[in-house]
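Before any comments, here is the structure.
The values are calculated or read from the model by the stated rules, or taken from the named source; none is laboratory data. In this text, all values refer to a predicted model and were calculated from it rather than measured experimentally. So basically every Cβ, Gly included, is an ideal-geometry build from the backbone, and we count neighbours across all protein chains shown. These accessible areas exclude ligands, DNA and RNA; they are computed on the full protein's heavy atoms, side chains included. Shrake-Rupley method; radii C 1.70, N 1.55, O 1.52, S 1.80 Å.
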Amino acid sequence: MRWCVLAVLVLLAVAVSPAKAAVSESEFLAQYEPAVRKLHDFYRAVRVSGMLTKSNWTMDKNVAPEKVVVYANGDRLRVDVVIPNLVSGNPEEGAVRVSVSAPDTSFGLTREPGAKTFVLRNVTSDPDSMTHVLRGEKYLLFAPFKDRMGIEILQKLKSPGLKITSIEDRKQGDESLVKVSYTDDIMFNNRPLQYIGWYLFSENKSWALRGSFSQRSVEDAKQIWSDIEYGDTVDGIPLLKKAEYWVQKGTVRSDIQTYDVSEIKPGRVPEKEFGLAAFGIRDIREEKETNYWLYLIVTGVVLIAAAIVVARVSARRRSA
């Protein structure tokens, strides 16, 4: 019942005042693009701490929330997740899972409950593969310029198959909102599909995303929703307070992801925090380099020893 009431409130929030025609598509993009760059630059150098609650069904009994800390430094991204203890429900007593996406080395680590050391799960030189994993886990919800899968909205709005169908102004209290509706034609398994949806932006909060909706054709009952709230601002940038994403069929919700942010600390995180050494593990490249030099040293010792043996044998033959 609580979810049904919330869904109605979200719908009312979107339709809080009669929609009216807003700016044209070109005028909208001319304002949105520089705002996105400003948001992007801010959230590329930040530390975000929060709690992520997952629920697959409409029950009030959600699983214990995961403690999530996201570190960003340019192209480097690190996500620490503390999975709650199934017995106590205490997020501080659970297993720790770390994922790092970096241009040089991307990797995943795990530390089991009660353990003091991390275990290396995987290492790759492809940062995109690790970022894809993080998107799928919904740990990138803190960025107010990306959709629920971590894809930048501006990139999606400019994709070839997407067509903006309307842009409308809405008022919610003292907040100026802009609803951008679209259709998106894509190919999936050599079959054409069309999605319909909209994004809701806060014009006076640096065009940060406030909500979204998408549906695969009108006939498909499955809908994907989001509702995003902000708190304080830093240099005009809104700081995320809460983000909620869910799938809905009629009045039934599933795949609910609720992200409650406790702290956003702007500023670049030191690069050392994105390396294996930060977790007490020697860098794989250093090990390879050490092994290389060790191989050269051992080879040199063997060659010198062989030369000494040959010299002694030759000397004995000459004396004989």
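Just so you know, in segment 41-55 the residues that are at pLDDT 90 or above and not in a strand (DSSP E or B) include one that is surrounded by the most Cβ atoms within 10 Å (Cβ to Cβ), and it is Phe42.
For segment 21-40: of the residues being open to solvent by 80 Å² or more (accessible area, probe 1.4 Å) and in contact (Cβ under 8 Å) with a residue 24 or more places away in the chain, which is nearest to Ala208 (Cα to Cα)? The residue in question is Lys38. Picking from residues in segment 72-92 that are open to solvent by 30 Å² or more (accessible area, probe 1.4 Å) and within 27 Å of Asp104 (Cβ to Cβ), the one that is modelled with the highest pLDDT is Arg76.
Could you say whether any residue in segment 150-166 is part of a strand (DSSP E or B), in contact (Cβ under 8 Å) with a residue 12 or more places away in the chain, open to solvent by 40 Å² or more (accessible area, probe 1.4 Å) and among the β-branched types (Val, Ile, Thr)? Taking every residue of segment 150-166 in turn, at least one turns out to be part of a strand (DSSP E or B), in contact (Cβ under 8 Å) with a residue 12 or more places away in the chain, open to solvent by 40 Å² or more (accessible area, probe 1.4 Å) and among the β-branched types (Val, Ile, Thr).
Scanning segment 252-260 finds no residues that are of a type in the set (D, E, K, R) and open to solvent by 70 Å² or more (accessible area, probe 1.4 Å).
Name the residues in segment 210-240 that are surrounded by 17 or more Cβ atoms within 10 Å (Cβ to Cβ), part of a strand (DSSP E or B) and among the basic types (Lys, Arg), would you? Matches in segment 210-240: Arg210 only.
Considered as a group, the residues in segment 29-46 that are aromatic (Phe, Trp, Tyr) and more than 14 Å from the chain's Cα centre (by Cα) include one that is nearest to Ile164 (Cα to Cα), and that residue is Tyr32.
Listed here are the residues, each with its yes/no results for (1) of a type in the set (Phe, Trp, Tyr); (2) more than 19 Å from Leu39 (Cβ to Cβ).
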position	(1), (2)
Arg170	no, yes
Ser212	no, no
Gln215	no, yes
Asp220	no, yes
Trp225	yes, yes
